[in-house]
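The values are calculated or read from the model by the stated rules, or taken from the named source; none is laboratory data. These figures come from a predicted structure and were not determined experimentally. All Cβ positions, even for glycine, are placed from backbone atoms using ideal geometry, and neighbour counts span all protein chains on display.
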Amino acid sequence: MEEKNDSEQFDSVAFEEMFSQYVPIVYSMQSRYHIRDFDLDDWLQEGRIALNDAMQSYRKGRGTTFGLYYKMIFENRIRSLLRRQRAKKRFAQQQAVSIEKVGSEAFSEQFQYHEFVEEDLFISEMLLTGEVVLSPLELRALNYYLKGVEPKMIALYLNETEKAIHNALNRTKNKIKKKIDELNE
């Protein structure tokens, strides 16, 4: 096995120091999303991969901080994992749970109905498959909005007026509603 030279060891230490600053984002995402069979080590590994990706692609002067950019890269990575997990051809297999194995009490606790999950997934699929076509501004504004960023801050991030952001979000909402209405007819 080769020994690492000093610069490789320094880069590794510097990377881990930087990652330790962003570990709270990993924990936050872990509390928001459930990925089947993922433990803390898996979350930390995905966080490190996302940090490396963010470090490779981040460009200063594009209207966002590195921390926010990393959070976006990491959340997109987690959402991709969730999409893969929920793929239709694997959906039934993933949802299968043996009652004998977990007991009837655990079984009923595991499958609690969440009112808006189906609707959120349906809308996400429409956006991801391109059934609802959004402009670049609408897509970026929606991305920030869904993360809980206020329109005033979105306007700052995207170097737009607050009115332009409100208009973009309203157009997005109308396009989604129109598509849902078409599908319900």
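With respect to the conditions (1) more than 30 Å from Arg84 (Cβ to Cβ); (2) modelled with pLDDT under 85; (3) part of a helix (DSSP H, G or I), Val13 falls short on a single one, namely (2). Look at segment 28-43: where a residue is part of a loop (DSSP other than H, G, I, E, B) and a partner is at pLDDT below 80 and of a type outside the set (Lys, Arg), sitting 6+ places away or on another chain with Cβ atoms under 9 Å, you get Ile35/Gln85; Arg36/Gln85; Arg36/Gln94.
Identify the single condition in (1) in contact with a Leu (Cβ under 7 Å, 6 or more places away or on another chain); (2) of a type in the set (Gly, Ala, Ser); (3) at pLDDT 80 or above that Gly63 does not satisfy, given that it satisfies every other one. Unmet condition: (3).
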